[in-house]
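Contents: one structure, followed by commentary.
The values are calculated or read from the model by the stated rules, or taken from the named source; none is laboratory data. As the structure is a prediction and not an experimental result, all values here were calculated from the model. All Cβ positions, even for glycine, are placed from backbone atoms using ideal geometry, and neighbour counts span all protein chains on display. Quick note on the areas: whole protein, heavy atoms, side chains included, nothing else; ligands and nucleic acids left out. Shrake-Rupley method; radii C 1.70, N 1.55, O 1.52, S 1.80 Å.
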Amino acid sequence: MRLIVGLGNPGAKYERNRHNIGFLAVDEIHRCHSSFSPWRARFQAQVSEGRLGSEKVLLVKPSTYMNESGRAVGEAMRFYKVEPQDIVVIYDELDLPPAKFRMKTGGGHGGHNGLRSITAHIGGDYRRLRLGIGHPGDKKLVSNYVLGDFAKADSDWIEPLLREIADNADLLAEGKDSQFANKLTLALEPEKAKRGGSKPAGGDQGGKTAAAKPPKSPGGKGQSHIRQARQAKTPELPKSGPMADMLKKLLGNKD
């Protein structure tokens, strides 16, 4: 059994948030592969079981808030008696530009509360698929930015990126991370793939990044991700409860 875990916050309110791109990726895998069962509640998560390539796979979307994601992953891991290397976690990455991705195995949590929680429950040796959402340019804007919805212009890179992840998910399930990264690079940025030769793009060996078509500039369709974050009205953020705790951990006491 392999686990493919998408990170996000539960509920319709957060469905299109940048912080939920992990959920979006797992949803697309589920949509594109008919072998998967309907979603059901288990392990403090929404899960679906099916096959990708030669592997039996459990798709996992934790039903806890982001900063408690490790509870669901830990329960599923113990039940199926799998190792951290059998788990792929898909999540948003502020330090990668929009449309970029990177595959790696192990490492720190980089300040990401979902990873922080998972590492606390199962250790840090699981595999990661980092999907860039960009940074708003100012730490004070990060909270509103990650909990804000993607701009309409972002569909130009999100949709092909998610589609290619789903189309090549069998390689993820089979542990072929370098091949998976190369397939995405060939599909999303073929000119870069040609220049790179046979080196793995975005793989856990080379640590390279690759990208889908980047979002359009403010002068084009919609707004850029940073412009939108800076101009958007400040949403009313929770002062107590799980989301408030998550925000405090994300950016420190100022959250």
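Kindly list the number of the only condition in (1) in a helix (DSSP H, G or I); (2) free of Cβ contacts under 8 Å to residues at least 60 places away in the same chain that fails for Gln46.
(1)
Across the stretch 49-70, which residue is farthest from Asp125 (Cα to Cα) among those that are part of a strand (DSSP E or B) and open to solvent by less than 20 Å² (accessible area, probe 1.4 Å)?
In the first step, residues of the stretch 49-70 are kept if they are part of a strand (DSSP E or B); the result is 49-52, 55-62.
Next cut, open to solvent by less than 20 Å² (accessible area, probe 1.4 Å) only: 50, 52, 57-60, 62.
Working: Gly50: 24, Leu52: 22, Val57: 19, Leu58: 18, Leu59: 19, Val60: 18, Pro62: 19 Å.
Here the answer is Gly50.
Read through the list (1) in contact with a helix residue (DSSP H, G or I) (Cβ under 7 Å, 6 or more places away or on another chain); (2) free of Cβ contacts under 8 Å to residues at least 40 places away in the same chain; (3) closer than 23 Å to Tyr65 by Cβ, then give the number of the only condition that Leu162 fails.
(2) is the only condition that Leu162 fails.
Could you tell me whether the stretch 117-126 includes any residue that is under 23 Å from Lys183 (Cα atoms) and modelled with pLDDT of 95 or more? Step through it out loud before you land on a result.
Residues of the stretch 117-126 that are under 23 Å from Lys183 (Cα atoms), as a first pass: 126.
Going one step further and asking which of them are modelled with pLDDT of 95 or more, we end up with 126.
For the stretch 117-126, residues under 23 Å from Lys183 (Cα atoms) and modelled with pLDDT of 95 or more: present.
Has the stretch 146-165 got at least one residue that is farther than 20 Å from Gly6 by Cβ, of a type in the set (A, V, I, L, M, F, W, C) and at pLDDT below 95? Show your work before the answer.
Residues of the stretch 146-165 farther than 20 Å from Gly6 by Cβ: 151-153, 156.
Those left that are additionally of a type in the set (A, V, I, L, M, F, W, C): 151, 153.
Those still in the list that are at pLDDT below 95 too: 151, 153.
Yes: one or more hits.
Taking the stated definitions as given, is Gly74 open to solvent by less than 10 Å² (accessible area, probe 1.4 Å) and in contact with a Pro (Cβ under 9 Å, 6 or more places away or on another chain)? Full working, then the answer.
Details: open to solvent by less than 10 Å² (accessible area, probe 1.4 Å): yes; in contact with a Pro (Cβ under 9 Å, 6 or more places away or on another chain): no.
It is false that Gly74 is open to solvent by less than 10 Å² (accessible area, probe 1.4 Å) and in contact with a Pro (Cβ under 9 Å, 6 or more places away or on another chain).
Is there a residue in the stretch 25-39 that is of a type outside the set (A, V, I, L, M), at negative phi and in a strand (DSSP E or B)? Don't jump to the end; show me each part of the working.
As a first pass, look at the stretch 25-39 and keep what is of a type outside the set (A, V, I, L, M): 27-28, 30-39.
Subset that is at negative phi: 27-28, 30-39.
Subset that is in a strand (DSSP E or B): none.
Taking every residue of the stretch 25-39 in turn, none turns out to be of a type outside the set (A, V, I, L, M), at negative phi and in a strand (DSSP E or B).
When you check Gly114 against the structure, is it within 21 Å of Pro62 (Cβ to Cβ), modelled with pLDDT under 95 and open to solvent by less than 60 Å² (accessible area, probe 1.4 Å), yes or no? Full working, then the answer.
Working: within 21 Å of Pro62 (Cβ to Cβ): yes; modelled with pLDDT under 95: yes; open to solvent by less than 60 Å² (accessible area, probe 1.4 Å): yes.
Answer is yes for this residue.
Any residue in the stretch 85-100 that is open to solvent by 10 Å² or more (accessible area, probe 1.4 Å), farther than 24 Å from Leu184 by Cα and free of Cβ contacts under 8 Å to residues at least 60 places away in the same chain?
The answer is no; no qualifying residue exists.
Among (1) modelled with pLDDT of 90 or more; (2) under 17 Å from the mean Cα position of the chain (by Cα); (3) open to solvent by 10 Å² or more (accessible area, probe 1.4 Å), where does Gln179 come up short?
Condition (2) is where Gln179 drops out.
Checking Lys13 against (1) open to solvent by less than 20 Å² (accessible area, probe 1.4 Å); (2) closer than 24 Å to Asn144 by Cβ; (3) assigned to a helix (DSSP H, G or I), only one condition comes out false. Which one?
If we test Lys13 against (1) open to solvent by less than 20 Å² (accessible area, probe 1.4 Å); (2) closer than 24 Å to Asn144 by Cβ; (3) assigned to a helix (DSSP H, G or I), just (1) comes out false.
Out of the residues in the stretch 128-140 that are open to solvent by less than 10 Å² (accessible area, probe 1.4 Å) and not hydrophobic (A, V, I, L, M, F, W, C), which is farthest from Gly175 (Cα to Cα)?
If we filter the stretch 128-140 for residues that are open to solvent by less than 10 Å² (accessible area, probe 1.4 Å), which is where we start, we get 128-129, 131-134, 136.
Narrowing further to those that are not hydrophobic (A, V, I, L, M, F, W, C): 128, 132, 134, 136.
Values: Arg128: 12, Gly132: 22, Gly134: 27, Pro136: 33 Å.
Top of the filtered list is Pro136.
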